[in-house]
1. Roughly to the nearest percent, how much of the accessible area of the range 114-215 is carbon and sulfur, given a 1.4 Å probe?
2. May I ask for the net charge around GLY83, where only other residues with Cβ less than 13 Å from the Cβ of GLY83 are counted and Lys, Arg are +1 while Asp, Glu are -1?
3. Expressed in nm to one decimal, what extension gain is obtained for the pair ASN142 and LEU215 from 0.36 nm per residue of sequence separation less their Cα-Cα distance?
4. Of the listed pairs LYS173/LYS205; LYS192/LYS212; LYS64/LYS102; LYS168/LYS192, which have alpha-carbon separations greater than 24 Å here?
5. Between THR160 and GLU204, what FRET efficiency comes out of the Förster formula 1/(1 + (r/R0)^6) with R0 = 25 Å and r the beta carbon distance, rounded to 0.05?
6. Nothing charged except the Cβ atoms of Lys and Arg (+1) and of Asp and Glu (-1): what's the magnitude of the dipole of the range 114-215 about its Cα centre? Round to the nearest 20 debye.
7. Counting only other residues whose beta carbon sits under 11 Å from that of THR71, what net charge do I get with K and R as +1, D and E as -1?
8. Cα convex hull of the range 73-157: mean projected area in nm², to one decimal?
Amino acid sequence: MAASMLCRTAALCRCRSLPGLSSSNTVLSAGWQGGLLSQTAAYNPRPLKLNLHEPYLPDKDSEKTPQWQKTARYDRKLFGRYGSASGVDPASLWPSHEELDKIIAEETEWNPPLEVMLKNIEAKEKLESEKRLAREKLIAANMAKMPKMVADWRREKRETKQKLKEEKARREKLLAEARERFGFAVDPRSNKFLEMVAEIEKEEKKKKKLMKRRLREEQTATTTTPATSS
């Protein structure tokens, strides 16, 4: 600020030498600048209260002290900054047995020894090799079964096609029989058609039973004939 006031004073002196400026204005400006310079020179600010000899040590028993200033981490920070002047016991800065075990476990997990890393790599490669061999065996077994699977699929496809064909023929036969019985085309969803189908199925079952009985009688007759002849 004092430097800027000196520059203004120098500019004012140069202005005095310029023609056309009144001497009264120049005198007034010079008086005002001089008073400001004297005020600036007399200003004496208060020094900052810096305590460079006694460090700030929080009172852990006080309720006004923040909780983060009562932690072991803050004690480590104080001891690192002020040393023994912090009043912190260096022995208290060491981790406890539980913390030390946790640190060792984390170190072992994230930075294992070279031997452990080599063993892990070997075990991983072995596992991948076993998986690859198992997959290759499965593929080989499936390829060996492929001809039979294709043949079974074709057979099932033929059987399904034949079954659909037989059902279609049976349906047409039933519709034709219903047309002959009732004298007109019957809706296959009607009760008349369904009753007729149930009756025909019942008759077919009876015929099948009779056929089975006749076959059994014929078989028994053929088995008893040689015995009587002997």
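The values are calculated or read from the model by the stated rules, or taken from the named source; none is laboratory data. Bear in mind that the values here come from a model prediction, so they are computed numbers and not experimental data. When we count neighbours, we look across all protein chains shown, and the Cβ atoms used for this are built from the backbone with ideal geometry, even at glycine. Note: areas computed on protein heavy atoms with side chains; ligands, DNA, RNA excluded. Shrake-Rupley method; radii C 1.70, N 1.55, O 1.52, S 1.80 Å.
1. On the way: 5570 of 9670 Å².
Here carbon and sulfur together make up 58 percent of the probe-accessible area.
2. Spelling it out: positives minus negatives among the neighbours equals +1.
3. Between ASN142 and LEU215, full extension yields 21.7 nm more.
4. With Cα atoms farther than 24 Å apart: LYS192/LYS212; LYS64/LYS102.
5. 0.65
6. About 760 debye.
7. Overall, the nearby charge balance is +4.
8. Over every viewing direction, the Cα hull of the range 73-157 projects on average to 11.9 nm².
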